[in-house]
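Asker: Mind having a look at this structure? Questions to follow.
Every read-out reported here was derived from the displayed coordinates using simple, explicitly stated rules and does not represent laboratory data. This one's a predicted model, so the numbers in the text were calculated from it and none came from an experiment. When we count neighbours, we look across all protein chains shown, and the Cβ atoms used for this are built from the backbone with ideal geometry, even at glycine.
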Amino acid sequence: MAAPADEEVLAAVLAVKSAHPDYGLARLRSHIKEANGWELSEKRVKKALAAAAEHSGDGGALAAGAAGAEGAAGAAGNPCAEAAASVGRRATHATRLL
């Protein structure tokens, strides 16, 4: 199939992210590819995420969520996750820092 238009990719990203906000970039890309039969690079999906965040005015939370950033809910009550969130790393790396 021909490559989808940027608007189609953006619409697909918004639809999947609203249904599955916990999906990261790789899983989001995989879901969109399987659902639509498209060939998509991670770079193209990442650009669509950035455009979606820009349009929604959420300050990049859509793109950050897809990049695997720890959410505040996941860090609450977990000292390793809280330390990781404060330095921008995953909890597995925080245990080495503590």
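Asker: Sort out which residues of the range 1-41 are exposed (fewer than 14 other Cβ atoms within 10 Å of the Cβ) and of a type in the set (A, V, I, L, M), and write them in order of number.
Answerer: Across the range 1-41, the qualifying residues are 1, 2, 3, 5, 15, 19, 26, 35.
Asker: Return the pair list, or none, for Cβ contacts closer than 8 Å from residues in the range 9-28 that are under 17 Å from residue 39 (Cβ atoms) to residues that are among the acidic types (Asp, Glu), at least 6 apart or on different chains.
Answerer: Listed by first residue and then by second, the contacts come to 25/42; 26/42.
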